[in-house]
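Read through the structure below, which is laid out as structure tokens, and then see the notes.
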Amino acid sequence: MPGQTPHPDLGARTLALVNIPSESLHEQEAYSYVKRAMPFAPAFDDGESLLYLLQSERPRPLVILAGHTDTVPAQDNIPGRIEDGVVFGLGSTDMKGGLAVMIEIADWALGAERAYDLGFLFFPREELGADVNPLPAVFERNPVIDTAALVICLEPTDNTLQLGCLGNLNARLVFEGKAAHSARPWQGENAIAKAFAGLADILTLEPNDVVIDGLLFREVLSVTKIQGGTASNVIPARVECTLNFRYAPNRSAEEAEARLRELAGPSVEVLHNSPSAHVAQGSQVLDALRRAGDFELQPKQAWTNVADFAARGLDAVNLGPGATKYAHKADEQVSVAALEDTYRSLQRFLAGEA
């Protein structure tokens, strides 16, 4: 039984991963570590992404555990350390603690009685934009992924089960004026003044609360960048603003763009639009996972790679040991107890004990 198996040293495994620098675009050493640490050979290996499969002769529902190998840039927080039952260091919570759990679950699963076939997907560059997302190419070369009954992304969720995710739309809004000498501003048209007027409604816009299957998602539109001006004595002729629209899972990408134009005007230029992920409820496999850890259900008030899987019609959820409040921070950390909770819950689920 899972509760009787030897307990892996998840803290040590997490620290070993933390101490491997793997900022985005520099994940080769972390890729090599995962390849050495996994207890069986990959079914797919393109030199940066790895897919491992444990499948039985008698087909069972396929569950895939997925995690990214990269981190944000260091903030004097590498190498890491373990202190008072907590692993400190770059990526500990987002998401090398999750990777440690994946590796140790693979080691356990190799000889365990399981209720599910299993996949383990490790991939790079999650912390960067969609233009360098490796997953579409992985999907193209591995149609088995499309047969998954459930995908679990081990993103930091404080060991809650976070369903769905917000869409992430970035756009540009430009205000044109007319340059003039600042001593005679009436001879020009101040683009900054036009921007202040044009952005007023956006800056005071309240969140739009959307409830889906009992989960509250908050749609928000924010101005995240503003650039303008030529010199201290020149009335500016142009101001460029970046808008970020986080939209609820009940909107398609096209509907989100239409809503943005309602709020920001028809001249807004969409730069990138990562669709939301549907709320995966009603599945027997997902319900078994929830029961295995007695997990609280929450909405994912952010965008994650669950959207890549959801776009293919798959049920995908976020569940990981990482502490969300420490993600991307200089004092990033994850508790060993949280790592153990995730590990034990996944054991129970995969063994069919829920």
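Could you please give the count of residues in segment 209-239 that are touching a helix residue (DSSP H, G or I) at 6+ places or on another chain (Cβ under 9 Å) and either farther than 30 Å from LEU297 by Cβ or of a type outside the set (D, E, K, R) (or both)?
Final tally of qualifying residues: 11.
If you take the residues of segment 296-311 that are crowded, with 20+ Cβ neighbours inside 10 Å and hydrophobic (A, V, I, L, M, F, W, C), which of them is nearest to GLU219 (Cα to Cα)?
Per the criteria, the residue is ALA307.
Of the residues in segment 338-347, how many are of a type outside the set (Asp, Glu) and surrounded by fewer than 19 Cβ atoms within 10 Å (Cβ to Cβ)?
Here the count works out to 1.
Quick test for you: out of ARG259, ARG246, ARG238, pick the one residue that is surrounded by 20 or more Cβ atoms within 10 Å (Cβ to Cβ), at pLDDT 95 or above, charged (D, E, K, R) and in contact with a strand residue (DSSP E or B) (Cβ under 8 Å, 6 or more places away or on another chain).
It is ARG246.
I'd like to check something: does segment 247-258 contain any residue that is more than 30 Å from GLN347 (Cα to Cα), in a strand (DSSP E or B) and within 18 Å of the chain's Cα centre (by Cα)?
Yes, segment 247-258 contains at least one residue that is more than 30 Å from GLN347 (Cα to Cα), in a strand (DSSP E or B) and within 18 Å of the chain's Cα centre (by Cα).
Could you give every pair whose Cβ atoms fall below 9 Å, whose first residue belongs to segment 1-26 and is on the phi > 0 side of the Ramachandran plot, and whose second residue is assigned to a helix (DSSP H, G or I) and at pLDDT below 95, counting only separations of at least 6 or pairs across chains?
Note: pairs meeting the criteria are LEU25/VAL132.
Which condition does ASN273 not pass, out of (1) of a type outside the set (Lys, Arg); (2) touching a Lys or Arg at 6+ places or on another chain (Cβ under 7 Å); (3) buried (at least 18 other Cβ atoms within 10 Å of the Cβ); (4) outside any helix (DSSP H, G or I), if it passes all the others?
With respect to (1) of a type outside the set (Lys, Arg); (2) touching a Lys or Arg at 6+ places or on another chain (Cβ under 7 Å); (3) buried (at least 18 other Cβ atoms within 10 Å of the Cβ); (4) outside any helix (DSSP H, G or I), ASN273 is out only on (2).
Going by what's in this entry, would GLU340 be described as modelled with pLDDT under 95 and either part of a strand (DSSP E or B) or among the acidic types (Asp, Glu) (or both)?
no
Table: residues versus (1) of a type in the set (Val, Ile, Thr); (2) in contact with a strand residue (DSSP E or B) (Cβ under 7 Å, 6 or more places away or on another chain); (3) in contact (Cβ under 8 Å) with a residue 12 or more places away in the chain.
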| site | (1), (2), (3) |
| --- | --- |
| ALA115 | no, no, yes |
| PRO143 | no, no, no |
| PRO156 | no, no, yes |
| GLY177 | no, yes, yes |
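Could you tell me which residue of segment 73-93 is nearest to the chain's Cα centre (by Cα), considering only residues that are crowded, with 16+ Cβ neighbours inside 10 Å, of a type in the set (A, V, I, L, M, F, W, C) and within 19 Å of GLU29 (Cβ to Cβ)?
LEU90
Going by what's in this entry, would PHE196 be described as touching a strand residue (DSSP E or B) at 6+ places or on another chain (Cβ under 7 Å) and among the aromatic types (Phe, Trp, Tyr)?
Here the answer is no, as PHE196 does not meet what is asked.
Can you tell me which residues in segment 312-337 are among the aliphatic types (A, V, I, L, M), surrounded by fewer than 22 Cβ atoms within 10 Å (Cβ to Cβ) and either modelled with pLDDT under 95 or closer than 18 Å to LEU10 by Cβ (or both)?
ALA327, VAL336, ALA337
The values are calculated or read from the model by the stated rules, or taken from the named source; none is laboratory data. In this text the structure is predicted, and so the values were computed from the model without any measurement. Positions of Cβ are generated from backbone atoms using ideal geometry, with glycine treated the same way; all protein chains shown enter the neighbour counts.
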